[in-house]
1. Need the failing condition index for Thr161 against (1) at pLDDT 90 or above; (2) more than 20 Å from Glu36 (Cβ to Cβ), just the number.
2. Within the stretch 25-37, can one find any residue that is buried (at least 17 other Cβ atoms within 10 Å of the Cβ) and either at pLDDT below 90 or farther than 30 Å from Ala187 by Cβ (or both)?
3. Determine whether Leu55 is in contact (Cβ under 8 Å) with a residue 24 or more places away in the chain, within 30 Å of Ser170 (Cα to Cα) and more than 22 Å from the chain's Cα centre (by Cα).
4. Quick one: in the stretch 58-94, which of the residues that are under 31 Å from the mean Cα position of the chain (by Cα) and polar (S, T, N, Q) is farthest from Asn209 (Cα to Cα)?
5. Note down all Cβ pairs under 9 Å where the first residue falls in the stretch 144-168 and is on the phi < 0 side of the Ramachandran plot, the second is modelled with pLDDT of 75 or more and not in a helix (DSSP H, G or I), and they're at least six residues apart or on different chains.
Amino acid sequence: MSFSLVDVFSEAGIVGKGVFIILALMSIYSLGLVVERLLRYSKARKASLGYVATLQKALASGDLAASAKAAKQFPDSPVAQVVAAGVDAYVAGVSELGKGRVGIDLVEALDRSLERVRDRQLARLKRGLSSLATIGSTAPFVGLFGTVVGIIKAFTSMKSTGSGGLAAVSGDIAEALVATGLGLFVAIPAVALFNMLNSRVEDFTVDINDVSGEVVAYVLRTGHGAPEAGE
């Protein structure tokens with residue numbers, strides 16, 4: 001018997017084939033998810049860099065409202081969406097104060113909006129990562145299940161043939177070992193890629209917090225002055 005992957009799969013039982021198929025689907029899903037997330041993060045990074053440059057110009061000119069308007073040009077930037085939500089809340093608070101409403105803390109309203117939208121944007125960036133972590137932690141056990149099935153088949157073959165020779169059990173042992181190897185083959189890259197993607201999300205978190213802090217500092221520095229929202 002040849003011990004190529006195709007031959008082992010063709011000789012495997014129903015349960016063994018099922019294990020191989022599940023592991024293959026896990027691997028394909030992991031690869032697709034990683035490619036999609038990397039493309040998403042790349043677009044978000046480029047858009048965020050562009051927006052930060054626009055934001056710095058808006059703050060330098062004293063036009064805070066322009067930073068919220070500019071966010072519409074960068075829909076892929078989580079930084080832009082967070083800052084725009086905070087500035088919109090600040091502008092709305094200024095408008096309420098202009099109407100004579102009291103008891104509005106503009107900085108608190110700004111902070112709450114920044115925090116709420118930041119959490120939402122980070123959740124979107126983390127979408128799918130829990131599935132990747134689950135694959136990384138469960139794939140070895142799926143492979144181990146295939147290993148157990150293969151060993152059981154080997155003992156069954158020994159019993160039915162009445163022979164303990166290697167020829168009688170080589171196919172079943174090969175099935176068991178391949179299942180173990182496939183489980184590790186799927187799990188190890190999944191764990192490594194999860195850690196890599198999670199570090200990217202942490203980088204976005206730092207960027208969002210830095211830019212949000214810069215906006216809050218600007219508001220405090222200008223003494224809660226009303227931005228020219230209508231310009």
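1. Of everything listed in (1) at pLDDT 90 or above; (2) more than 20 Å from Glu36 (Cβ to Cβ), Thr161 misses just condition (1).
2. no
3. no
4. Gln73
5. Gly146/Ala12; Val149/Ala12; Val149/Gly13; Gly150/Ala12; Gly150/Gly13; Lys153/Ala12; Lys153/Gly13
The values are calculated or read from the model by the stated rules, or taken from the named source; none is laboratory data. Values in this document were obtained by computation on a predicted structure and should not be read as measured data. All Cβ positions, glycine included, derive from the backbone under ideal geometry; neighbour counts span all protein chains shown.
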